[in-house]
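The next block holds one structure in the form of structure tokens; read it before the comments.
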Amino acid sequence: SGSGSFGSRRLHGMVTGELHSRDGDFPYLDRASLPVVRRVRENADGAASNLMARVAVTGDRSVLDVTGWISDTKRGLPGLSGSGSVGERQEDQIRRIWVRYGRGGSTLSFSSQWSNLRYLNPGFEIDDEGKTSSNTLRFARRQSLAAAIDVEGGIDVALDTGEHPSLEGEIRQRSIRSFVVGTISLGRLTILPSIRGGYIFRDDRTTSRF
């Protein structure tokens with residue numbers, strides 16, 4: 001693993017990453033066998049890598065912040081003790097990005113994530129891969145109404161998708177949400193009122209209100 005950073009008066013950034021692996025082939029006593037035998041654990045290896053980077057640009061009254069994350073994991077599934085391995089494997093991939101722009105009391109942000117999950121079982125001739133994505137765009141505004149009262153309101157729209165061999169095509173879900181959150185300071189007492197609501201729209205044309 002390692003990390004590094006850089007910066008100037010208006011530009012800042014950092015990068016961090018890690019890479020690790022394991023064999024997982026430790027010996028053990030299989031007490032389910034008669035007589036008890038010494039075995040070596042099979043198909044228990046694994047490897048993972050992570051990389052994150054962030055860059056921020058600061059203006060006189062504005063800030064632009066961009067962050068990205070990449071994660072990959074591969075591992076074997078050793079099975080139950082005494083039954084041996086059938087060669088099952090699992091692979092996970094995640095890609096994520098955040099972008100935020102703030103100016104004064106207003107903030108515009110966007111986030112997106114893609115993930116893949118693959119499962120392999122040679123014994124049953126299975127090679128399945130599931131994919132999901134999540135994308136959100138948000139606008140928020142913060143305003144002071146009085147010395148002791150702050151209010152923040154905003155709206156966000158989102159699109160989520162998913163697909164897998166067990167599903168009939170790609171599943172899509174769209175949503176729109178709004179919120180108003182207040183902060184009222186009365187000496188040692190702080191009151192946090194909030195109102196939230198939204199709709200969810202699905203591929204089957206059904207809607208949900210919350």
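Under a model in which nothing but the beta-carbon of Lys, Arg (+1) and Asp, Glu (-1) is charged, the stretch 55-210 shows a dipole of about 940 debye around its Cα centre.
Per atom type, the chain shows carbon and sulfur on 56% of its accessible surface, probed at 1.4 Å. Ranked from largest to smallest solvent-accessible area, with a 1.4 Å probe on the protein heavy atoms, 131, 74 come out as 74, 131. Sorting 45, 127 on solvent-accessible area from highest to lowest, probe radius 1.4 Å, gives 127, 45.
In percent, rounded to a whole number, the relative contact order of the stretch 29-144 is 20, using alpha-carbon pairs under 8 Å and six or more apart. The candidates 18, 152, arranged from most to least accessible area with a 1.4 Å probe in the full protein assembly, appear as 18, 152. Electrostatic bookkeeping for residue 49 treats Lys and Arg as +1 and Asp and Glu as -1; over the other residues with beta carbon under 14 Å from its beta carbon, the sum is 0. Are there GluC sites (Glu not before Pro) in the stretch 47-127 that DSSP puts in a loop and that have at most 13 other Cβ atoms within 10 Å, and which ones? In loop regions of the stretch 47-127 (DSSP not H, G, I, E or B), the sparsely surrounded GluC sites (Glu not before Pro) are 125.
Measuring with a 1.4 angstrom probe and ignoring ligands and nucleic acids, residue 73 comes out at about 40 Å² accessible.
Quick check for me: using +1 on Lys/Arg Cβ and -1 on Asp/Glu Cβ, what's the dipole size of the stretch 1-125 about its Cα centre, in debye to the nearest 20?
That gives a dipole near 580 debye.
Accessible surface area normalised per residue over the chain is 68 Å², counting heavy atoms of protein chains with a 1.4 Å rolling probe. Considering only 56, 20, 40, and ranking their Cα positions along the charge dipole of the stretch 20-90 that arises from unit charges at the beta-carbon of Lys, Arg, Asp and Glu, the one farthest toward the positive end is 40.
The values are calculated or read from the model by the stated rules, or taken from the named source; none is laboratory data. Quick caveat, the model's predicted, so the values are computed rather than measured. Here the Cβ is made from the backbone with ideal geometry for all residues, glycine too, and neighbour counts use every protein chain on show. Quick note on the areas: whole protein, heavy atoms, side chains included, nothing else; ligands and nucleic acids left out. Shrake-Rupley method; radii C 1.70, N 1.55, O 1.52, S 1.80 Å.
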